[in-house]
1. For region 16-23, state whether one or more residues are within 26 Å of residue 81 (Cβ to Cβ) and either of a type outside the set (Asp, Glu) or not in a helix (DSSP H, G or I) (or both).
2. Find all pairs meeting these conditions: Cβ atoms under 8 angstrom apart; at least six residues apart or on different chains; first residue within region 19-34 and modelled with pLDDT of 90 or more; second residue part of a helix (DSSP H, G or I).
3. Listed residues 80, 48, 44, 70; which is modelled with pLDDT of 95 or more, aromatic (Phe, Trp, Tyr) and closer than 25 Å to residue 24 by Cα?
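The values are calculated or read from the model by the stated rules, or taken from the named source; none is laboratory data. For clarity, every value in this text was computed on a predicted model and none was experimentally measured. Cβ placement follows ideal geometry from the backbone for every residue including glycine, while neighbour counts extend to all protein chains displayed.
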Amino acid sequence: MLFSVGLKTRCILYTINMADDKRQLLKSLGFLSSLGISMVAASFIGLFIGYYLDKWLGTSPWMTLIWLGFGIASGFRNIFILTRRALREQDQEEEQDKHADGPD
């Protein structure tokens, strides 16, 4: 009887640990996909603005190149901001876990 209680407890703890791992994996995949989408979206927005300005002003290809550069730069800026935010959240979670465990 004692063995089966210990086994049940270990199975429950293992299941909880797997759920936490799965949650962390999905969170990481979501973060990485948001980085990619952010970079691509910013680049395409810059490209389209430059393309239409070139058509309107007749300055082909200069506005396209300039605005594409702005789009790429803003994409890297977004990556920097999102990464910094994620690292800050991770540090806060670690601090909360450390305080929840109590003094060692």
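1. Yes: one or more hits.
2. Pairs that qualify, where the first residue is modelled with pLDDT of 90 or more and the partner is part of a helix (DSSP H, G or I), are 31/82; 31/86; 34/82.
3. On the way: 48 fails: closer than 25 Å to residue 24 by Cα; 44 fails: closer than 25 Å to residue 24 by Cα; 70 fails: closer than 25 Å to residue 24 by Cα.
Only one candidate qualifies: 80.
Rundown of residues vs (1) within 16 Å of the chain's Cα centre (by Cα); (2) farther than 21 Å from residue 78 by Cα, yes/no style:
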residue	(1), (2)
19	no, yes
24	yes, yes
28	yes, no
31	yes, no
41	yes, no
52	no, yes
57	no, yes
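Residues checked against (1) without any contact (Cβ under 8 Å) to a residue 24 or more places away in the chain; (2) among the hydrophobic types (A, V, I, L, M, F, W, C); (3) in a helix (DSSP H, G or I); (4) surrounded by 13 or more Cβ atoms within 10 Å (Cβ to Cβ):
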{"residue": "53", "(1), (2), (3), (4)": "yes, yes, yes, yes"}
{"residue": "59", "(1), (2), (3), (4)": "yes, no, no, yes"}
{"residue": "63", "(1), (2), (3), (4)": "yes, yes, yes, yes"}
{"residue": "68", "(1), (2), (3), (4)": "no, yes, yes, yes"}
{"residue": "78", "(1), (2), (3), (4)": "no, no, yes, yes"}
{"residue": "81", "(1), (2), (3), (4)": "yes, yes, yes, no"}
{"residue": "90", "(1), (2), (3), (4)": "yes, no, yes, no"}
